[in-house]
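The values are calculated or read from the model by the stated rules, or taken from the named source; none is laboratory data. Note that the structure is predicted; figures quoted are calculated from it, not measured. All Cβ positions, glycine included, derive from the backbone under ideal geometry; neighbour counts span all protein chains shown.
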Amino acid sequence: MVKIPQNKYLYLFLLSLIWGSSYILIKRGLVGLSPIELGSVRIVLSTCFLVIMGYRSLKGLSKYQWKWLIITGFLGTFFPSFFFAFAQQHIDSSVAAILNSLTPIFTLLVGVVLFAVRILARQYVGVTLGFIGSVGLIWGGTQINAAQPTGYVLLIMTASMCYAVNIYFLKHKLADVSPMAMTLGNFIAILPPAILFLLYNNFFSLEVLQTDAVQKSLGFIALLAFFGTAIAKVMFNRFVKMASAVFVSSVTYTLPIVALFWGTLDGEKINGYQLLATAVILLGVSMAHKSKKHQKK
């Protein structure tokens, strides 16, 4: 069997790669779709993929479990999907990923305040370093483009807070639900409003669907839905079960590095301040994941 620490690092790497690539796909998707359409299509396609992958996993779920599947579906997927789509109309894809790296800070605060989680001094230092690195990346971005609206920054910060609270709900309320059932249940819960949004916007008309820009954007969102949402969500829910909440949230420290890579290829600029801040983030990750049990081994 593979040791748990190795599993954790593997999941951290894969999720960073997949989710770090999601921001450039959202950027491309917004060329032909509105934020409402993008978020809704992403949810609908992801649900279709997940039903094919694991429809049998929903058997035997209780009313209590469905209640929390609905709550976590809206909190961890529905609202963030639209928040990021609206924000990335005005914010570079790499900056959006950088801002999302605040999730571990919110996870720490939620754990301490609401769940009485005890954290080692080393973890506080690691999370603080991650926060400093994130601020450094944001500040470095302002040296390139000072005109980015701050209001849309708050949307991404709100999405990060949703992710932080959701991590604890998944761990404490749905610990006995399989990752596949958890993911599919979440998406079934949020599917109806997504379909209603598309119907309201007359998205399914041939006049809309036959547009070249819409078709190209749909291709990017299909990739996002399959890899960045359906596959990654199942992996993330399994990741939640095997690691601490703080370590799970540290994926948002490393995915900006991938997003910065794609952003640079797409013409988004990166400067020396951002590279230095990236190094600080990696140091923070290496410290934040340490636990007493791990240190004794």
(message) Please count how many residues of the stretch 245-297 are at pLDDT 80 or above and in a loop (DSSP other than H, G, I, E, B).
(response) 3
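Conditions (1) β-branched (Val, Ile, Thr); (2) surrounded by 20 or more Cβ atoms within 10 Å (Cβ to Cβ); (3) in contact (Cβ under 8 Å) with a residue 12 or more places away in the chain; (4) closer than 30 Å to Asp176 by Cα, marked per residue:
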{"residue": "Gly39", "(1), (2), (3), (4)": "no, yes, yes, yes"}
{"residue": "Thr47", "(1), (2), (3), (4)": "yes, yes, yes, yes"}
{"residue": "Val51", "(1), (2), (3), (4)": "yes, no, yes, yes"}
{"residue": "Gly54", "(1), (2), (3), (4)": "no, no, yes, yes"}
{"residue": "Ser57", "(1), (2), (3), (4)": "no, no, yes, yes"}
(message) Looking for something assigned to a loop (DSSP other than H, G, I, E, B) and modelled with pLDDT of 75 or more - is there at least one such residue anywhere in the stretch 231-243?
(response) yes
(request) Name the one entry in Ser46, Ser21, Ser40, Ser101 that is touching a helix residue (DSSP H, G or I) at 6+ places or on another chain (Cβ under 8 Å) and either modelled with pLDDT under 90 or among the β-branched types (Val, Ile, Thr) (or both). (result) Ser101
(message) Looking at the stretch 179-219 only, could you name the residues that are of a type in the set (Phe, Trp, Tyr), surrounded by fewer than 20 Cβ atoms within 10 Å (Cβ to Cβ) and either touching a strand residue (DSSP E or B) at 6+ places or on another chain (Cβ under 9 Å) or assigned to a helix (DSSP H, G or I) (or both)?
(response) Phe197, Tyr200
(message) Being over 18 Å from the mean Cα position of the chain (by Cα) and part of a helix (DSSP H, G or I) is true for just one of Gly54, Gly20, Gly39. Which residue is that?
(response) Gly54
(message) Need a quick list: helices (runs of 4 or more DSSP H) entirely within the stretch 87-146 having at least 2 residues that are free of Cβ contacts under 8 Å to residues at least 12 places away in the same chain.
(response) 103-114, 121-144
(request) Kindly list, by first and then second residue, each pair from a residue in the stretch 150-165 that is assigned to a helix (DSSP H, G or I) and at pLDDT below 90 to a residue that is surrounded by fewer than 19 Cβ atoms within 10 Å (Cβ to Cβ) and not charged (D, E, K, R), limited to pairs with Cβ atoms under 6 Å and residues at least 6 apart or on different chains. (result) Tyr152/His90
